[in-house]
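Shown next, in structure tokens, is the structure this report addresses.
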Amino acid sequence: SLWFPPRRDAFTPGDLVLLVTGDQSRYLVRLRPGQELHTHMGIFAHGDVVGHQSGETVTSATGHFALALEPALEDLMRHLKRGSQVIYPKDAAWLVYRMNLRAGSRVIEAGTGSAGLTMALAWAVAPSGAVYTYEVRDEAFRVARANLERAGLLAGVTMHLASIDDGFIERAVDALFLDVREPWGHLPQVRAALRPGGVF
């Protein structure tokens, strides 16, 4: 199934938009008509952004301009709520490259943390792949879920609030990434989940 959000000609209510003011301040906003973004450059009404194309400018109530852009993966990762240490975009890009991920790939990640890497994985395997992520801490799980939902990537991710001690539910995945305290203690579980030739 295809889950990645399609690119639109113009911003519509509910879209995520990145507003970049003249001094390069960056604001990631979910467009809700009737709501406003309050900045040091004035107030930007969400409704004034709706209908604009990515790359066009919008004006605040005080006459300042902001560039309205479709958020890039880096913007999504940098604006996530952090509940734990995160993997930064340059490292996430290297991991996606190293795991040989592409559209349609199936990949497992444990633990989820704040979901920074999860976003990069989902972006890489879209629109037809799948990410399966495991997190044992309830608070981290909730933060990660909210971050993925806000970024519009939750549809491509199956989240498990579970320990990996008993193994993974999924089988024959293309890649598997462990970000846990003692990864060497989970090698049998990794072997059972990976397809022959899969990347660990």
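Scanning segment 16-30 for residues that are open to solvent by 30 Å² or more (accessible area, probe 1.4 Å) and in contact (Cβ under 8 Å) with a residue 60 or more places away in the chain gives a single hit, Arg30. Just one of the numbered conditions (1) in contact with an Asp or Glu (Cβ under 7 Å, 6 or more places away or on another chain); (2) open to solvent by 40 Å² or more (accessible area, probe 1.4 Å) is not true of Arg142: (1).
State which residue is least open to solvent (accessible area, probe 1.4 Å) when the search covers only segment 172-200 and only residues that are assigned to a loop (DSSP other than H, G, I, E, B) and within 15 Å of Ala110 (Cα to Cα). Checking each candidate, the answer is Val180.
Note on segment 1-24: among residues that are over 17 Å from Glu74 (Cα atoms) and among the hydrophobic types (A, V, I, L, M, F, W, C), the one that is modelled with the lowest pLDDT is Leu2. Contact annotation: no residue pair with Cβ atoms under 8 Å, 6 or more positions apart or on different chains, pairs a residue in segment 167-180 that is without any contact (Cβ under 8 Å) to a residue 60 or more places away in the chain with a partner that is assigned to a loop (DSSP other than H, G, I, E, B) and open to solvent by 40 Å² or more (accessible area, probe 1.4 Å). With open to solvent by less than 20 Å² (accessible area, probe 1.4 Å), more than 30 Å from Leu194 (Cβ to Cβ) and modelled with pLDDT under 95 as the only criterion, which of Pro71, Pro33 stands out? Being open to solvent by less than 20 Å² (accessible area, probe 1.4 Å), more than 30 Å from Leu194 (Cβ to Cβ) and modelled with pLDDT under 95 holds for just one of Pro71, Pro33, which is Pro71.
Of the residues making up segment 58-65, none is within 30 Å of Gly167 (Cβ to Cβ), open to solvent by 30 Å² or more (accessible area, probe 1.4 Å) and among the aromatic types (Phe, Trp, Tyr).
The values are calculated or read from the model by the stated rules, or taken from the named source; none is laboratory data. Treat the numbers as computed from the prediction; the structure is a model and nothing was measured. Quick reminder, even Gly has a Cβ in these numbers, built from the backbone with ideal geometry, and neighbours come from all protein chains shown. Surface areas here come from the heavy atoms of the whole protein model, side chains and all, with no ligands, DNA or RNA. Shrake-Rupley method; radii C 1.70, N 1.55, O 1.52, S 1.80 Å.
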